[in-house]
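Report on the structure given below.
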C-alpha cells in the first residue's frame, strides 16, 4: 500500500489556526490499511483536535467523513454537499487524495494531515516495511524477487556493500535485514549464486520521477 | 448508558468503563453512582477490554467527561485472551495522544480487577480524580457540588 503517517499534532493544529469548523476526511483504502487515515484514525483525531483546541481556549467544531478512495472522482464527489459548511478540510489520505480534494474543491482550504513516505507491505500486525520504490525499471527478475532499490539503504544494484552486520542486518539499522544478504541467501538456496557475479549496469531512471512528472495515456482504454 | 456530558475538564462526570466480568457475582453497577467523596461516577459496562477503542476514550472526554477510568480483568484471566492487554495498550496510546494535545494524560486511566464490588470500582474511578487531577483542574461538577 501507499504508506502514510499522521503529521505531528502540533503541525496539524498550526495549519488549522484561525479555522472554527473543520471536516476531517479519511480514506478507506491505502491510508486505512496503514492505520493512518481509516475510520478509527479519523474518529480518534476528531475528538483529539477538539480537546487540544479546548485546552488552548479556542474551541473548534470537527465533522468527519470517510471516502472509499480519495483518489477517485466518483468518491470525492460525495463531499460536494459538505465542504461548503466548513472552513477547512483536513485530509487523512496520501498526497494523491489531498490533491484530488483540492482540485475538485478549489474554493476550499484543503490541508494534509498525513505525510506520505513509501510503498510498503504489512509484514505483521503493526509493522510496515518498504517493498517498492516505484523506480519505473523493475529489476526483481534479477534479484530473486527482493528489491534492492527500495530495501537497500543505498539502493545498490550490485551488493552487498561492506557494511552488512555479521547477523545479516543493515549497518544503518540493526532491526532491518540487509536485502542483499537475503538476495544472496535466496540465490544460494536455488543454486544460482553465479548469477549474482554479473555486474548490473546502471538503471534507466527516466521512467521514475527523475524523468519528470508522469502522465500516461493509453488510447485503448480511453473512450 | 449514554456518555455525553457538559464541556470542560472541570465540568463533567467520571466515566467508568468496566468489563462486566470484573464484578463479583451478584454485584451490580447500574445507573450513575456517587463515590464516598461525592464525585459523580457514570458506569458503562463493556463486554471485554478488547472492545475499548482509543477514539471512544477521547470522544468521552471531548464530549465533556472529566476523566475516564477503564477496568479490565487481570491479563491472564481475560476470556478474550488478549482483551485486557489490548485495553492497556490502547489506554497508553490515548494517554500519549492527550500529552501530544497538551491535555493532562491522567484524565484516562486503566486498572485491572477481579471479583470487585460495585463500591470498589466506583471508589477506584473516584480515586483517579482525587489522586491525579483534582489539584490540577479543580473538582468536577456533578458530584456533591451539584
Calculated FRET efficiency, residue A:216 and residue A:115, Cβ-Cβ r, R0 22 Å, to nearest 0.05?
-> 0.30
With just the Cα atoms of chain A, tell me how far they stretch along each of the three principal axes, in Å, largest first.
-> 65, 49, 26
For the stretch B:88-128, what class follows from the C-alpha gyration tensor (a ≥ b ≥ c being the square roots of its eigenvalues): rounded when a/c is under 1.5, otherwise prolate if a/b is larger than b/c, else oblate?
-> oblate
Euclidean distance of C-alpha centroids, the stretch A:168-188 and the stretch B:10-58, integer Å = 50
Convex hull volume of the Cα atoms in the stretch A:137-187, per residue, in Å³?
-> 70
Normalised by the residues of the stretch A:72-174, what does the relative contact order come to in percent, with Cα pairs under 8 Å and at least six apart?
-> 15
Cα-based radius of gyration of the stretch A:32-109 once divided by 2.2 N^0.38 Å, which approximates compact folds = 1.12
What is the fewest-to-most order of A:73, A:205, A:180 by other Cβ atoms lying within 10 Å of their Cβ?
-> A:73, A:205, A:180
Calculate the radius of gyration of the Cα atoms of the stretch B:37-110 to one decimal place, then report Dmax, the largest Cα-Cα distance, as a whole number, both in Å.
-> 12.5, 36
Return an integer: the convex hull volume of the alpha-carbon atoms of the stretch A:1-130, in Å³ per residue.
-> 91
Given q = 0.12, 0.18, 0.26 Å⁻¹, what are the Debye log10 I(q)/I(0) values for the stretch A:138-223, with equal point scatterers placed on the Cα positions and solvent ignored?
-> -0.46, -0.81, -1.31
In µm²/s, what is D for the stretch B:15-140 at 20 °C and 1.002 mPa s, where D = kT/(6 pi eta Rh) by Stokes-Einstein and Rh is the Kirkwood radius from Cα pairs?
-> 148
Would you please classify the overall shape of the stretch B:12-54 from the alpha carbon gyration tensor, given that a ≥ b ≥ c denote the square roots of the eigenvalues, rounded means a/c under 1.5, and beyond that prolate means a/b larger than b/c while oblate covers the rest?
-> oblate
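Kindly put A:108, B:117 in sequence by how many other C-beta atoms sit within 10 Å of each C-beta, fewest to most.
B:117, A:108
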Just need the relative contact order of chain A here, percent rounded to a whole number, with Cα pairs under 8 Å and 6+ apart.
-> 17
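Every number in this text was worked out from the coordinates using simple rules, so none of it is lab data. All of these numbers come straight from a predicted model, not from anything done at the bench. Positions of Cβ are backbone-derived with ideal geometry, glycine not excepted, and every protein chain shown enters the neighbour counts.
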